[in-house]
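Peer 1: Let me begin by handing over the structure; questions about it come next.
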Amino acid sequence: CALPISQKKAAITILCTTQMIAEPVRLLAPPGVEVDHLMGSGVDPHLYKPTPEDLRKILRADLVLYHGLHLEGRMAEMLSQMNVDAPGGKAVAICSKIPQESLLVDESGATDPHLWLDVQLWKQVCDQLKLTLITHGGFNTEDISARHQSLSQSLDSLDKDVSQLLNQIPKDRRILVTAHDAFAYFGQRYGFEVHGIQGISTESEPSLLRVNQLVKLLSDHKIPAIFVESTVPERNVRALIEGCKRLGHELKVGGKLYSDAPGPEESGAGSWSKMVLHNAKTIVEGLR
Ligand code: ZN
């Protein structure tokens, strides 16, 4: 590291791109380790561009943890050049450590990065976080493992709560239409047919054909609600409501889901685990 000694901090700092990663890292890292994240509430990671202050944080950090799988679309290249396996590197793409057979791929062949919406899959990512902190953070193995065990238990309990809530929705109503394709892992885990109006990145615009297909699906199955997302504009969802109205099916907006970033504290979805629970409650209210 080329920084002068006076600018270096005494505490070890771990920088995470998102709060989804920072939450478990804060629970795993020993006291005294500084854990920070770059993207705040309501920030779309697919489109996020790092600020000069972010770049300073990246340079100062001892370890940088990011998702990979092209979630951080506009930071991916810079982060991959800092890979921990290269000399002087300190960045780890944590989701790239999940076996390919556990990952979903969309029609275009792109790997779906939204792993955190399936609690069991995110638990596997937390296993990788544990290994990374031991291997690249230089922390005590037993200490991290003990913290990891209690984290795993709380994730199992969160997963159970989410499943129990969603089981209140009748099977024939388990069609989830959302603003972008973030919920495929969620659907696979909790038994929903899932459709996004946009693709797995928010960078693409939906086609008229796509909108018309979804209007037909929602009307045919009399699905009562679709959902908006905090990080995606609402206009695409409006097109479906208008379309269903023309077919005589009244469709409502079933509330706001937090797909790619937690919300502000007062939203009740102010962290990864809170947003997962909030989403389950919102989906139950909309589709039950
Ligand atoms: Zn997304």
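The values are calculated or read from the model by the stated rules, or taken from the named source; none is laboratory data. Treat the numbers as computed from the prediction; the structure is a model and nothing was measured. Glycine gets a Cβ as well: all are built from the backbone with ideal geometry, and neighbour counts include every protein chain shown.
Peer 1: Only residues in segment 231-248 that are over 15 Å from D181 (Cβ atoms) and more than 16 Å from the ligand (Cβ to nearest atom) count as the first member; pair them with residues that are outside any loop (DSSP other than H, G, I, E, B) and among the polar types (S, T, N, Q), Cβ under 6 angstrom, at least 6 apart or cross-chain, and list the lot.
Peer 2: Within 6 Å, the pairs are C244/S219; L247/S219.
Peer 1: With the condition kept exactly as written, say whether any residue in segment 141-152 is among the polar types (S, T, N, Q), more than 16 Å from the ligand (Cβ to nearest atom) and either in contact with a Phe, Trp or Tyr (Cβ under 6 Å, 6 or more places away or on another chain) or closer than 30 Å to V211 by Cα (or both).
Peer 2: Step one: list which residues in segment 141-152 are among the polar types (S, T, N, Q), which gives 141, 145, 149-150, 152.
Now narrow it down to the ones that are more than 16 Å from the ligand (Cβ to nearest atom): 141, 145, 149-150, 152.
Within this subset, residues satisfying the condition of being either in contact with a Phe, Trp or Tyr (Cβ under 6 Å, 6 or more places away or on another chain) or closer than 30 Å to V211 by Cα (or both) are none.
Within segment 141-152 (the criterion being among the polar types (S, T, N, Q), more than 16 Å from the ligand (Cβ to nearest atom) and either in contact with a Phe, Trp or Tyr (Cβ under 6 Å, 6 or more places away or on another chain) or closer than 30 Å to V211 by Cα (or both)), the answer is no, since none of the residues qualifies.
Peer 1: Another question, then. Which residues, taken from segment 62-95, are within 18 Å of G137 (Cβ to Cβ) and among the polar types (S, T, N, Q)?
Peer 2: N83
Peer 1: Can you find a residue that is free of Cβ contacts under 8 Å to residues at least 60 places away in the same chain, surrounded by 14 or more Cβ atoms within 10 Å (Cβ to Cβ) and within 12 Å of the ligand (Cβ to nearest atom) anywhere in segment 205-223?
Peer 2: no
Peer 1: Which of the residues that make up segment 192-241 are in contact with a Lys or Arg (Cβ under 6 Å, 6 or more places away or on another chain) and among the polar types (S, T, N, Q)? Break it down into steps so the answer makes sense when it comes.
Peer 2: Step one: list which residues in segment 192-241 are in contact with a Lys or Arg (Cβ under 6 Å, 6 or more places away or on another chain), which gives 192, 225, 228, 230.
If the condition is that a residue be in contact with a Lys or Arg (Cβ under 6 Å, 6 or more places away or on another chain) and among the polar types (S, T, N, Q), then S230 is the only one that fits.
Peer 1: Which of the residues that make up segment 256-285 are in contact with a Gly (Cβ under 8 Å, 6 or more places away or on another chain), aliphatic (A, V, I, L, M) and in contact (Cβ under 8 Å) with a residue 40 or more places away in the chain?
Peer 2: Within segment 256-285, A261, I283 meet the criteria.
Quick grid of which residues meet (1) touching a Lys or Arg at 6+ places or on another chain (Cβ under 8 Å); (2) farther than 23 Å from G187 by Cβ; (3) without any contact (Cβ under 8 Å) to a residue 40 or more places away in the chain:
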position: T51; (1), (2), (3): no, yes, yes
position: L65; (1), (2), (3): no, yes, no
position: M75; (1), (2), (3): yes, yes, no
position: I94; (1), (2), (3): no, no, no
position: I98; (1), (2), (3): no, no, yes
position: G109; (1), (2), (3): no, no, yes
position: L115; (1), (2), (3): no, no, no
position: S145; (1), (2), (3): yes, yes, yes
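Per-residue answers, yes or no, for (1) modelled with pLDDT under 95; (2) touching a His at 6+ places or on another chain (Cβ under 9 Å); (3) not acidic (D, E):
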{"position": "C16", "(1), (2), (3)": "no, yes, yes"}
{"position": "V35", "(1), (2), (3)": "no, no, yes"}
{"position": "S41", "(1), (2), (3)": "yes, no, yes"}
{"position": "Y66", "(1), (2), (3)": "no, no, yes"}
{"position": "M82", "(1), (2), (3)": "no, no, yes"}
{"position": "A91", "(1), (2), (3)": "no, no, yes"}
{"position": "A110", "(1), (2), (3)": "yes, yes, yes"}
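Peer 1: Here's another thing I want to ask about it. List pairs: first in segment 175-194 and more than 15 Å from the ligand (Cβ to nearest atom), second among the hydroxyl-bearing types (S, T, Y), Cβ under 7 Å, 6+ apart or cross-chain?
Peer 2: Partner pairs satisfying both residue conditions: Y190/S163.
Peer 1: Continuing with this model, one more query. Among the residues in segment 231-241, are any assigned to a strand (DSSP E or B), out of contact with any helix residue (DSSP H, G or I) (no Cβ under 7 Å at 6 or more places or on another chain) and surrounded by fewer than 19 Cβ atoms within 10 Å (Cβ to Cβ)? Please lay out each step first, then the result.
Peer 2: Here is the first cut: in segment 231-241, the ones assigned to a strand (DSSP E or B) are none.
Taking every residue of segment 231-241 in turn, none turns out to be assigned to a strand (DSSP E or B), out of contact with any helix residue (DSSP H, G or I) (no Cβ under 7 Å at 6 or more places or on another chain) and surrounded by fewer than 19 Cβ atoms within 10 Å (Cβ to Cβ).
Peer 1: Can you tell me which condition V253 does not meet? The list is (1) away from the ligand (no atom under 16 Å from the Cβ); (2) touching a residue at least 40 places away in the same chain (Cβ under 8 Å); (3) not in a loop (DSSP other than H, G, I, E, B), and all the others hold.
Peer 2: So V253 meets the others, but not (2).
Peer 1: If you don't mind, there's one more thing I want to ask. Search segment 35-77 for residues being of a type in the set (D, E, K, R) and assigned to a loop (DSSP other than H, G, I, E, B), and hand back the single one that is farthest from the ligand (Cβ to nearest atom). Spell out how you get there, then give the answer.
Peer 2: Initially, segment 35-77 is screened for residues of a type in the set (D, E, K, R), giving 36, 44, 49, 53-54, 56-57, 60, 62, 72, 74, 77.
Subsequent filtering for residues that are assigned to a loop (DSSP other than H, G, I, E, B) retains 44, 49, 62, 72, 74.
On the way: D44: 7, K49: 16, D62: 28, E72: 11, R74: 14 Å.
So, considering only residues that are of a type in the set (D, E, K, R) and assigned to a loop (DSSP other than H, G, I, E, B), the one farthest from the ligand (Cβ to nearest atom) is D62.
Peer 1: Being within 16 Å of the ligand (Cβ to nearest atom) and not in a loop (DSSP other than H, G, I, E, B) is the filter; apply it to segment 256-282 and report the residue that is farthest from R174 (Cα to Cα). Lay out the reasoning, then the answer.
Peer 2: Residues of segment 256-282 that are within 16 Å of the ligand (Cβ to nearest atom), as a first pass: 256-263, 269, 272, 275-276, 279.
With the extra rule that they be not in a loop (DSSP other than H, G, I, E, B), the set shrinks to 256-257, 272, 275-276, 279.
Working: K256: 17, L257: 16, W272: 23, M275: 20, V276: 17, N279: 14 Å.
Top of the filtered list is W272.
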